[in-house]
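To start, the structure under review is shown below, and the notes come after it.
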Amino acid sequence: MKRSRALVENRRNKVLLALQSNGFVKVQELAEELQVSPLTIRRDLQYLEDQKKLERFYGGATVKDRVPEIYTEQDEVKLYRQRIAEYAASLVEDGDTIFINTSSTALQMIKYIKDKRVTVITNNGKAIFMEHSSNVSIILSGGELREIKEAMVGEFATNNISKVTAKKSFIGCSGLSPESGMTTEILSEVNINQLMLQRVTGTSYILADHTKLGRNSSFVSCPTESLLNVITDEKAPAEITDGFREHEVNVFCVTKDGHLLRDSGSAELS
């Protein structure tokens with residue numbers, strides 16, 4: 001009996017830690033993470049609400065005194081970037097070698113690649129600290145390390161990347177539009193982005209949440225006519241996604257709850 005009670009308390013403490021970390025929690029996600037039924041999680045949330053430690057809303061809970069269905073723009077964009085990374089990770093197959101550039105959204109993919117043997121080649125120095133499966137091998141390009149972004153750039157980095165190939169590439173950007181294609185604010189990253197898009201034996205994906213669409217940054221890494229696939233979110237303006245489709249670019253739009261929009265033509269995220 002004491003052991004059972006300890007397990008319950010431990011689970012509820014994990015719920016509170018998740019709540020403290022994210023500001024809100026979802027029943028289904030907690031049930032999967034803690035390997036219990038959604039009903040058990042709902043009972044935990046009810047208990048914690050009775051203890052005035054959280055406030056419930058349909059499908060989840062939020063920190064006390066926070067309005068549950070209203071996200072700040074920053075919260076919303078962060079969630080969409082997570083969903084984009086999750087979907088991109090689902091496209092990686094066992095045995096793949098993939099390129100990932102300095103994008104924070106693309107880098108998140110690493111922690112969502114599960115039960116697959118994958119090699120990641122990246123010029124993102126932050127990959128060292130990213131949680132990942134033991135089946136995922138990370139190879140850094142080397143090169144001059146730029147502060148803040150911790151991007152590896154310069155001749156050393158480009159020389160190393162020019163000597164290898166990957167099955168797929170997943171590239172984030174500063175701006176993406178049908179007029180200019182994929183653009184970035186950092187000139188020193190352009191050559192590396194171009195190499196990562198060119199040196200693939202399979203296909204490439206541009207990862208861009210809705211805040212990046214319609215923006216044109218200073219330097220073009222990939223013109224529209226060379227784009228193959230774009231992964232964005234449900235708030236992407238229709239006129240922009242339609243513009244890409246007119247150029248025969250595949251556009252995939254993720255939702256907040258981890259699905260693709262119907263016209264994206266794919267299934268629920270796993």
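Among what's in the stretch 128-150 and is aliphatic (A, V, I, L, M) and at pLDDT 95 or above, pick the residue that is farthest from LEU91 (Cα to Cα). Reasoning before the result, please.
Step one: list which residues in the stretch 128-150 are aliphatic (A, V, I, L, M), which gives 128, 130, 136, 138-140, 145, 148.
Right, trim to at pLDDT 95 or above and you get 136, 138-140.
Numbers: VAL136: 15, ILE138: 18, ILE139: 20, LEU140: 22 Å.
Out of the qualifying residues, it is LEU140.
Can you give me the number of residues within the stretch 141-176 that are surrounded by fewer than 17 Cβ atoms within 10 Å (Cβ to Cβ) and more than 20 Å from the chain's Cα centre (by Cα)?
Number satisfying all stated conditions: 11.
Can you spot a residue in the stretch 214-224 that is surrounded by 14 or more Cβ atoms within 10 Å (Cβ to Cβ) and among the aromatic types (Phe, Trp, Tyr)?
yes
Hey, among ILE128, ILE98, ILE138, ILE110, which residue is open to solvent by less than 10 Å² (accessible area, probe 1.4 Å) and out of contact with any Phe, Trp or Tyr (no Cβ under 8 Å at 6 or more places or on another chain)?
ILE110
Exactly one of these conditions fails for ALA31: (1) in contact with a Pro (Cβ under 9 Å, 6 or more places away or on another chain); (2) in a loop (DSSP other than H, G, I, E, B); (3) of a type in the set (A, V, I, L, M, F, W, C). Give me its number.
Of everything listed in (1) in contact with a Pro (Cβ under 9 Å, 6 or more places away or on another chain); (2) in a loop (DSSP other than H, G, I, E, B); (3) of a type in the set (A, V, I, L, M, F, W, C), ALA31 misses just condition (2).
Any idea which of GLN28, GLN74, GLN35, GLN51 is open to solvent by 20 Å² or more (accessible area, probe 1.4 Å) and under 30 Å from SER204 (Cβ atoms)?
Criteria check complete, one pass: GLN74.
Pick from THR165, THR203: which is without any contact (Cβ under 8 Å) to a residue 60 or more places away in the chain and hydroxyl-bearing (Ser, Thr, Tyr)?
Numbers: THR165 fails: without any contact (Cβ under 8 Å) to a residue 60 or more places away in the chain.
Only one candidate passes the filter, namely THR203.
Hey, can you tell me all the residues within the stretch 54-66 that are of a type outside the set (Asp, Glu) and surrounded by fewer than 18 Cβ atoms within 10 Å (Cβ to Cβ)? Explain how you work it out, then say what you get.
Within the stretch 54-66, the first condition is being of a type outside the set (Asp, Glu), and the residues that meet it are 54, 56-64, 66.
Answer for the stretch 54-66, where residues must be of a type outside the set (Asp, Glu) and surrounded by fewer than 18 Cβ atoms within 10 Å (Cβ to Cβ): ARG56, PHE57, TYR58, GLY59, VAL63, LYS64, ARG66.
Go through the residues of the stretch 183-194 one by one and say whether even a single one is in a strand (DSSP E or B), in contact (Cβ under 8 Å) with a residue 24 or more places away in the chain, among the aliphatic types (A, V, I, L, M) and buried (at least 18 other Cβ atoms within 10 Å of the Cβ).
Within the stretch 183-194, not a single residue is in a strand (DSSP E or B), in contact (Cβ under 8 Å) with a residue 24 or more places away in the chain, among the aliphatic types (A, V, I, L, M) and buried (at least 18 other Cβ atoms within 10 Å of the Cβ).
The values are calculated or read from the model by the stated rules, or taken from the named source; none is laboratory data. Quick caveat, the model's predicted, so the values are computed rather than measured. Here the Cβ is made from the backbone with ideal geometry for all residues, glycine too, and neighbour counts use every protein chain on show. Only protein heavy atoms, including side chains, enter the accessible area calculation; ligands, DNA and RNA are left aside. Shrake-Rupley method; radii C 1.70, N 1.55, O 1.52, S 1.80 Å.
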